[in-house]
Amino acid sequence: MQALEALIFDVDGTLADTERDGHRLAFNRAFQEAGLDWEWTLSLYGELLKVTGGKERILHFMRQWRPEALERPGLEAFVRGLHQRKTAQYLALLGTGAIPLRPGVMRLLAEARAAGLRLAIATTTTPENVIRLLECAGSPTLPTWFEVIAAGDLVSAKKPAPDIFHYALSQLRLPAEACVAIEDSANGVQAALGAGLKALVVTPSTYTRGEDFSGAALVVDSLEAILGDGPDGPAGESRDPAKADEGRGPIDLARLRALHRRSYG
Ligand code: XBP
Ligand code: MG
């Protein structure tokens, strides 16, 4: 059997819960700065998140809610410029330290690194957002822990297309069977499975709870997978008896290795 050699992390929702109080605010600040009366409310943003990628999301919003704005000359440059403003706003927001890493993320990264596993990122967000998040929410040297940062427009088809995972695997020069992927959304699950990443852990985030994660090997509240006290046992943990070998409690390397064996064994 192929040994486990690398972990591939999604970013938004997985490393940190960035959407509601990060990206969404940054989009709204950019709209304001550009003199637009657009406002992405909490619920509207939930709808818009079905479309991955900020530029793609802005265009989708315009098609649905502001079709008249599609007529403006230089539409592509307009969207690009608006998205650049949004990225600047998002980077500034990250700089305030407002967005922390999710529970267990730093612990697992440190354990994996100490054990000699390779680390990679596969995300639809803009590369500078990834670096800044790692620096500000983690540590100034955290970006260097990742051998591959596959992000944004490196591929033309974003999640749920598998392209960004294919790209990360090709940069790692590893087959999918050598990796565990960690995601938070149905779009991410589809993308990872599409690239053959069957050893897939899902930690749903604010906007993705309740989505369809069929095909994932394990779904847990967070990487800390704290035991719940409900009658059905651990809150949010998969109850599939076939997965009992995964054990309970924090997702550490031992559990990921067991999950990897079960997925490909
Ligand atoms: C999340 C996304 C991104 C962010 C916004 O992707 O869909 O588009 O919402 O980032 P993932 P940009 O969970 O794969 O990291 O505006 O930089 O696209
Ligand atoms: Mg995500």
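Key figures
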item: Inter-residue pairs, beta-carbon under 6 Å, first under 12 Å from L7 (Cβ atoms) and in the stretch 169-193, second away from ligand 2 (no atom under 16 Å from the Cβ) and of a type in the set (V, I, T), 6+ apart; result: L172/V148
item: Hits in the stretch 201-218 - residues which are of a type in the set (A, V, I, L, M) and either closer than 26 Å to T41 by Cβ or within 16 Å of ligand 1 (Cβ to nearest atom) (or both); result: V201, V202, A216
item: Every residue from the stretch 179-200 that is within 11 Å of ligand 2 (Cβ to nearest atom), more than 18 Å from G46 (Cα to Cα) and not in a strand (DSSP E or B); result: A191, A192
item: Number of the exception - E211 against (1) touching a residue at least 40 places away in the same chain (Cβ under 8 Å); (2) within 12 Å of ligand 2 (Cβ to nearest atom); result: (1)
item: Residue within the stretch 216-223 that is on the phi > 0 side of the Ramachandran plot, of a type in the set (D, E, K, R) and surrounded by fewer than 22 Cβ atoms within 10 Å (Cβ to Cβ) present; result: no
item: Subset of the stretch 137-194 that is more than 14 Å from ligand 1 (Cβ to nearest atom) and among the charged types (D, E, K, R) - its residue that is nearest to R80 (Cα to Cα); result: E147
item: One residue from R29, R80, R63 being over 24 Å from the mean Cα position of the chain (by Cα) and over 30 Å from E111 (Cα atoms); result: R63
item: Residue tally, condition among the β-branched types (V, I, T) and in contact with a Ser or Thr (Cβ under 6 Å, 6 or more places away or on another chain), over the stretch 65-106; result: 2
item: When residues of the stretch 99-134 are limited to those that are at negative phi and without any contact (Cβ under 8 Å) to a residue 12 or more places away in the chain, the one surrounded by the fewest Cβ atoms within 10 Å (Cβ to Cβ); result: A114
item: Verdict on V155 being more than 29 Å from R257 (Cα to Cα) and either free of Cβ contacts under 8 Å to residues at least 12 places away in the same chain or not small (G, A, S) (or both); result: yes
item: Matching entry among Q89, Q84, Q64 (being more than 16 Å from ligand 2 (Cβ to nearest atom), over 19 Å from D21 (Cβ atoms), surrounded by 13 or more Cβ atoms within 10 Å (Cβ to Cβ) and of a type in the set (S, T, N, Q)); result: Q84
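Read-outs throughout are calculated quantities, based only on the coordinates presented, and are distinct from any laboratory measurement. Since the structure is predicted, the reported quantities are computational estimates derived from the model, not experimental observations. Cβ: placed from backbone, ideal geometry, glycine included. Neighbour counts: every protein chain shown.
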